[in-house]
1. Take S146 and N305, extend 7 Å from each Cα along the Cα→Cβ direction, and tell me the distance between the two endpoints in nm.
2. Per-residue ellipticity at 222 nm for the chain, helices alone: DSSP H runs ≥ 4 residues times -39500 (n - 2.57), over residue total, nearest 500 deg cm²/dmol?
3. Show me, for the stretch 222-236, the HN-Hα J-couplings you get by feeding each phi into the Karplus relation (A = 6.51, B = -1.76, C = 1.60, θ = phi - 60°), rounded to Hz, glycine and proline as x.
4. Quick one: helix 165-175 against the long Cα principal axis of the chain, what's the angle to the nearest 10°, folded into 0 to 90?
5. At 1.4 Å probe size, with every protein chain present, just tell me what the per residue accessible area of the stretch 58-197 comes to in Å².
6. If Lys and Arg each add +1 and Asp and Glu each add -1, what is the summed charge of the other residues whose beta carbon sits under 12 Å from the beta carbon of G274?
7. Where a Cα-Cα gap under 16 Å defines reach, which lysines qualify for K278, not counting those fewer than 8 residues away within the same chain?
8. Could you check which residue among V156, V171, V111 shows the biggest mean-square fluctuation in a GNM of the chain with a 10 Å Cα cutoff?
Amino acid sequence: MSHSLRTRVAAVVTALAASLAPAACGTDAKPATGASAPAGAAFPVQLTHKYGTTEIKAAPQRVVTLGLSDADAVLALGVKPVGVVDWFEEKPYGKWPWAQPAWGGTVPAIVGLRDEYNLEKVAAARPDVIIAQYSGMKKEQYDTLSKIAPVVAQPVGFADYQAPWRDMSRVIGRALGRSATMDRLIADVDAKFAAARTAHPAWSGKTVAIAEIYEAGKFSAFNPNDPKMIFMRELGFTASPAYTQAVGSQNVADIGYERFDVLESDRLIWLVTGDDTKRQLAANRPYQQLNVAKEHRDRYLDYENPPVAAAMSFNTVLSIPYALDQIQPQLGQ
């Protein structure tokens with residue numbers, strides 16, 4: 001962060017200090033949902049995370065989310081964030097069908113693009129808590145944001161973007177004083193996964209690979225702890241040793257076409273937007289020599305029509321039911 005940006009942020013924080021204090025105490029601000037705040041007995045609460053421990057003294061009423069999927073868990077609890085990040089420059093609050101009903105007509109402030117936060121806009125949203133679970137927040141960003149409001153950073157014990165959705169959801173439930181509600185939501189999703197496994201027992205123990213093409217000559221393969229792979233694991237699938245070794249510890253590994261062999265699996269899922277990837281692979285002889293291609297066990301899941309790839313990528317209490325409804329017919333038996 002540049003010196004000039006630090007100076008501007010410090011000025012904004014100072015100017016907003018008076019307005020932030022009442023919001024944090026909950027003395028004159030109304031909950032963003034219009035619903036009553038959770039019982040005061042849930043607070044104060046201390047939450048341990050990657051950068052230490054954060055105390056939230058009172059029920060949050062103005063929530064800013066900085067992770068890709070954090071807003072989903074907040075919305076599921078009946079709270080509408082006042083600020084969110086935009087990962088795709090596509091107005092996330094109005095895009096995804098699993099979240100649209102919860103947003104209603106609310107339009108939050110866009111306070112950043114991916115992991116680049118506009119600190120002045122975060123401060124201007126007057127948050128009394130900042131949630132950054134599915135994020136790549138750095139320590140310097142955490143320290144600066146903590147001058148604005150309590151920050152709940154990434155879960156401890158996991159690489160960035162690899163924490164299980166249940167862990168992140170429970171942290172958000174505690175941060176908002178709504179743990180019991182979150183536990184019920186998680187139980188509902190668990191039941192949906194169980195029903196899918198029961199309906200498709202042949203999936204148990206089958207291997208899966210998930211890939212995406214960003215540029216010609218390379219494909220991206222996702223870590224077994226990536227949300228999309230976790231989603232497939234909960235349906236009974238597993239990653240092959242060759243795939244796991246090729247990805248390594250990276251969340252996303254870029255691999256040349258000469259290593260298409262690492263994608264050999266019982267199911268291969270390509271994440272796509274439109275038909276370009278399918279056309280490109282149809283003309284690629286080495287790819288077409290793979291058993292998974294010859295036996296038509298590859299699947300193309302779109303980010304847009306319908307957005308099942310996006311729902312799997314989010315892998316939240318809101319998006320999982322949508323993804324399950326969409327993907328089961330496409331995977332086959």
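The values are calculated or read from the model by the stated rules, or taken from the named source; none is laboratory data. Because the structure is predicted, anything quoted here is derived from the model rather than measured. Please note: Cβ atoms are built from the backbone with ideal geometry, for glycine as well, and neighbour counts cover all protein chains shown. We work out accessible area using only protein heavy atoms, side chains counted, and drop any ligands, DNA or RNA first. Shrake-Rupley method; radii C 1.70, N 1.55, O 1.52, S 1.80 Å.
1. Placing both labels 7 Å along Cα→Cβ, they lie 4.8 nm apart.
2. Rounded to the nearest 500, the figure is -11000 deg cm²/dmol.
3. Listing the rounded values in order: 9, 3, x, 9, 5, x, 5, 6, 4, 4, 5, 4, 6, 8, x Hz.
4. 10
5. That works out to 37 Å² per residue.
6. -2
7. Reachable lysines: K218, K294.
8. Among V156, V171, V111, the largest GNM mean-square fluctuation belongs to V156.
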